[in-house]
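Okay, structure first, notes after.
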Amino acid sequence: METREGILRAAAEVFDEMGYAGAGINRILERAGATAGSLYFHFQSKEGLARAVMSRQSERILPLLDSEGLQRLVDITLVWSRQLQTDVVLRAGVRLTTEAGTLGMGDAVKPYAAWAQVMEECLQTAREQGELQAGVDPVQVAEHLVATCTGMQLFSEAASTDRADLPQRTERMWQLLLPGIAVPATVVRLDLDPRRAVALLGTESVSG
């Protein structure tokens, strides 16, 4: 397991730095201090390794949260916006996800669909708790959020160093979106402040 995790971490670093096309197996092996045999034993191929990195995205965020409903949904995005600045595995997973379609990887939609499912579950809970306005479709909102967050982090990457403005962009996204989906009593009590992510992460911020 330690060898597998070491290879995955090294691969995330190289994918984050160079993208999928630029990340050579030899560079990953050198970074990991591993052999080709161990890499192919655990991951079978470079694409398999990339998929393993992409599949780790939710693991870097969800275990840090204990909120429910719309606050949990907000918290996912707040922590995501902060962790993208420091967590190389999450950052590499996001980069690979945005590259997958143009590189012709099969089932490129899978990482997006996985996030949409996570967000839909939050919205379903929010609906059960009376937080959503009548007629709001959790499936449509979840897919819209995934698309919005994808574009927002790309914009932030282009506009600032290390996505420094992404937490503030995330707060503005919710300020615009919430009045259209949440009942007024919920809108006023939700905590959208980017500093909330710092408090949630505390000393548990994932960077490895």
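The values are calculated or read from the model by the stated rules, or taken from the named source; none is laboratory data. Here the structure is a predicted model, which is why all the values come from computation and not from measurement. Neighbour counts are summed over all protein chains in view; Cβ atoms, including those assigned to glycine, are modelled from backbone coordinates with ideal geometry. Please note that ligands, DNA and RNA were not included when accessible areas were found on the heavy atoms of the full protein model with its side chains. Shrake-Rupley method; radii C 1.70, N 1.55, O 1.52, S 1.80 Å.
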Backbone N under 13 Å from the A164 label point (7 Å along Cα→Cβ), restricted to the range 56-98: none
Net dipole in debye of the range 39-121 [+1 Lys, Arg Cβ; -1 Asp, Glu Cβ; about Cα centre; nearest 20]: 360 debye
Among A182, V94, Q129 the positive-end extreme of the charge dipole of the range 75-208 (Cβ point charges): V94
Kirkwood Rh in Å, taken over all unlike Cα pairs in the range 134-192: 12.6 Å
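With each run of n ≥ 4 DSSP H residues scored as -39500 (n - 2.57), what mean residue ellipticity at 222 nm is computed for the chain after dividing by its residue count and rounding to the nearest 500 deg cm²/dmol?
Details: 11 runs with 144 residues, N = 208.
Per the formula, -22000 deg cm²/dmol.
Please get the size of the charge dipole for the chain, origin at its Cα centre, with Cβ charges of +1 on Lys and Arg and -1 on Asp and Glu, quoted in debye to the nearest 20.
340 debye
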Where only C-alpha atoms are counted, convex hull volume of the range 5-72 per residue in Å³: 102 Å³
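Per residue, how many Å² of accessible area does the range 56-103 show with a 1.4 Å probe? Show your work: numbers first, answer last.
Numbers: 1480 Å² over 48 residues.
Result: 31 Å² per residue.
Sorted by accessible area (1.4 Å probe), largest first, how do L8, L176 line up?
Values: L8 5, L176 150 Å².
Listed by decreasing accessible area, they come as L176, L8.
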Extreme residue, positive dipole direction of the chain, given options A12, S81, L166 (C-beta unit charges): A12
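Counting pairs of alpha carbon atoms under 8 Å apart in space and at least six apart in sequence, what relative contact order in percent does the range 100-208 give? Write down the numbers at each step before the final one.
Values: 55 pairs, mean separation 24.9, N = 109.
Reported as a whole number, the value is 23 percent.
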GNM result for the chain, Cα springs below 10 Å: residue of L90, L123, L49 fluctuating most strongly: L49
Along each principal axis, Cα extent of the range 34-112, largest first, Å: 44, 28, 20
Under 5 Å, built H, 5+ apart or other chain: amide partners of A182: Q133
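With a 1.4 Å probe and all protein chains in place, put F41, F15 in order of accessible area, largest first. Don't jump to the answer; show the numbers that get you there.
On the way: F41 150, F15 0 Å².
Final ranking, largest accessible area leading: F41, F15.
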Length gained when the stretch T35-R4 is fully extended (0.36 nm per residue, less Cα-Cα span): 10.0 nm
Net charge, G130 excluded, C-beta distance under 14 Å - Lys, Arg +1, Asp, Glu -1: -1
Sites E68 and K110 - FRET efficiency at Förster radius 30 Å, r taken between beta-carbons, to 0.05: 0.70
Accessible-area value, W80, 1.4 Å probe, nucleic acids and ligands omitted, Å²: 20 Å²
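Which order do K110, K46 take by accessible area at a 1.4 Å probe, largest first?
On the way: K110 125, K46 45 Å².
Final ranking, largest accessible area leading: K110, K46.
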Equivalent ellipsoid dimensions for the range 15-165 as semi-axes, Å, which come from the Cα gyration tensor, largest first: 31, 16, 14
Residue with peak Gaussian network fluctuation, the chain [Cα springs, cutoff 10 Å], from A116, A21, A92: A21
Mean projected area (nm²) of the alpha-carbon convex hull when the range 118-158 is viewed from all directions: 3.1 nm²
Cα-projected label distance for Q175 with D193, points at 7 Å along beta-carbon direction, nm: 1.5 nm
